[in-house]
Protein chains: 2
Amino acid sequence: MNATSSASADAVLERIRFTDTGLVPAIVQQWDTREVLMMGWMDAEAFRRTMSEGRVTFWSRSRQEYWRKGDTSGHVQYVKGVALDCDGDTLLVTVEQIGAACHTGTRTCFDADVLQPVVGESRELEATDL
Amino acid sequence: MNATSSASADAVLERIRFTDTGLVPAIVQQWDTREVLMMGWMDAEAFRRTMSEGRVTFWSRSRQEYWRKGDTSGHVQYVKGVALDCDGDTLLVTVEQIGAACHTGTRTCFDADVLQPVVGESRELEATDL
C-alpha cells in the first residue's frame, strides 16, 4: 500500500456506515460486460485490503475469516474500481473476474435461480422485454 | 397478482434467507445498460409486491415503511426480471429506471463517491483500464 492509497482508504472509512456487526455489503460487477457477479461483505480491514492490494477481499460471515477471492479457487477478482453509494452503506466494486464468480461454478451467483415476476406495466417495455 | 405469480412468490419466499430483522438486500440494475443503480432492502411483503405489481417496492429501514420507488419522485422502477443468488440471501432486480435512481438526483447511487483503489496487478488489465 502506498501512502496515498492508505490515506485515501482511511478517509473513506470515516464515510462508510458499517452495520452493527461492522460490515458493509459490496456488490461486485464485471467492469466491461457489467454483469453483477455476486455480493459479499467487508469489514474495515477487508475494505483496506481491497483498496490497496488490487484484489478483492471479503469477510466471510459463515467462516468468520478473511477471504481473498481466488486464493483457493483461482477465480481471482482484480480490482478495477470502487465506489461508495450516496448514503455510505453499500460499495460497488468493479473487477476483472477470472473464471466463475460463484462457488457453484457458474459465472455469476445470480444465474441459477431466475424468478418469474410480473413485468412492468408499460406496453413499450413489454414490447422490448428481455 | 395472478395465481401463478402468487404461488411462485410464495415458493421462492421459502428459499430466501432473510436477516434476523426479516430483510433481504436487493441490488437494482438497469436491464439494458446494466448500470448498477442502487441497493435497497425488502421484507417478505415488499418482495411479494415487487414480484406481482411490475413495480419495485422496498422496505425503508430509516422510515420503517413500504416504499414503492417512484410514487413520490416519479422515478419509477418497472420490473424486468428478478433472480435470487446461490445462497438465497441477495436479490438482483433488473428494471427499466425512469429518471434518476438516486434520491440526490444522479442516475445511480454510485456516481458521486468514486474511490481510488490500487487497480489489479495484471499488466494486460492495466493496458485496458477504464
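The values are calculated or read from the model by the stated rules, or taken from the named source; none is laboratory data. Every value quoted in this text rests on a predicted model; they were computed, and no experiment measured them. Note that we place each Cβ from the backbone using ideal geometry, even for glycine, and neighbour counts take in every protein chain shown. Accessible surface areas use protein heavy atoms only, side chains included; no ligands, DNA or RNA. Shrake-Rupley method; radii C 1.70, N 1.55, O 1.52, S 1.80 Å.
Worth a mention:
- Crossing angle, helix A:3-13 versus chain A [Cα axis fit, 0-90 degrees, rounded to tens]: 60
- Peptides ranked, highest mean first, by Cβ atoms within 10 Å: ranges A:14-23, A:91-100, B:103-112: A:91-100, B:103-112, A:14-23
- P(r) weight above 19 Å for chain B, C-alpha pairs, percent: 54
- Net charge over other residues, Cβ less than 13 angstrom from the Cβ of residue A:106 (K, R count +1; D, E count -1): -4
- Average other protein chain Cβ within 10 Å of Cβ, residues B:87-96: 5
- In nanometres and ascending order, the distances from the residue B:71 label point to those of the other copies are 4.5 (point 7 Å from Cα along Cα→Cβ).
- For the axis carrying chain A to chain B: nearest C-beta residue of A, whole Å: A:34, 2
- Once divided by 2.2 N^0.38 Å, the Cα radius of gyration of the protein assembly as shown becomes 0.99.
- For a straight C-alpha distance cut-off of 17 angstrom, the aspartates and glutamates reachable from residue B:80 (same-chain residues fewer than eight places away being disregarded) are A:35, A:111, A:113, A:121, A:124, A:126, A:129, B:32, B:35, B:53, B:96.
- Per residue of A:105-114, other chain Cβ atoms within 10 Å of the residue Cβ number 5 on average.
- 7 Å along Cα→Cβ, label-point gaps from residue A:21 to other copies, nm, shortest first: 1.3
- Ascending list, in nanometres, of distances separating the residue B:89 label from those of the other copies (7 Å, Cα toward Cβ): 1.7
- Distant-in-sequence amide H partners of residue A:29 (H built 1.01 Å from N, under 5 Å): A:37, A:93, A:94, A:95
- Remark: spin-label model distance residue B:87-residue B:60 equals 3.1 nm, labels positioned 7 Å along the Cα→Cβ axis.
- Scoring A:77-85, B:80-88 by mean Cβ neighbours within 10 Å over their residues and listing the highest first yields A:77-85, B:80-88.
- Cα long-axis angle, helix A:44-53 against chain A (0 to 90 degrees, to the nearest 10): 90
- In the protein assembly as shown, the portion of solvent-accessible area held by carbon and sulfur atoms comes to 47 percent [1.4 Å probe, whole percent, DNA, RNA and ligands not counted].
- Structural size metrics of the stretch A:73-116, computed from C-alpha coordinates, are Rg and Dmax of 13.0, 34 Å.
- Near residue B:60: Cβ cut-off under 11 Å, other residues only, Lys/Arg at +1 and Asp/Glu at -1. The net charge is +2.
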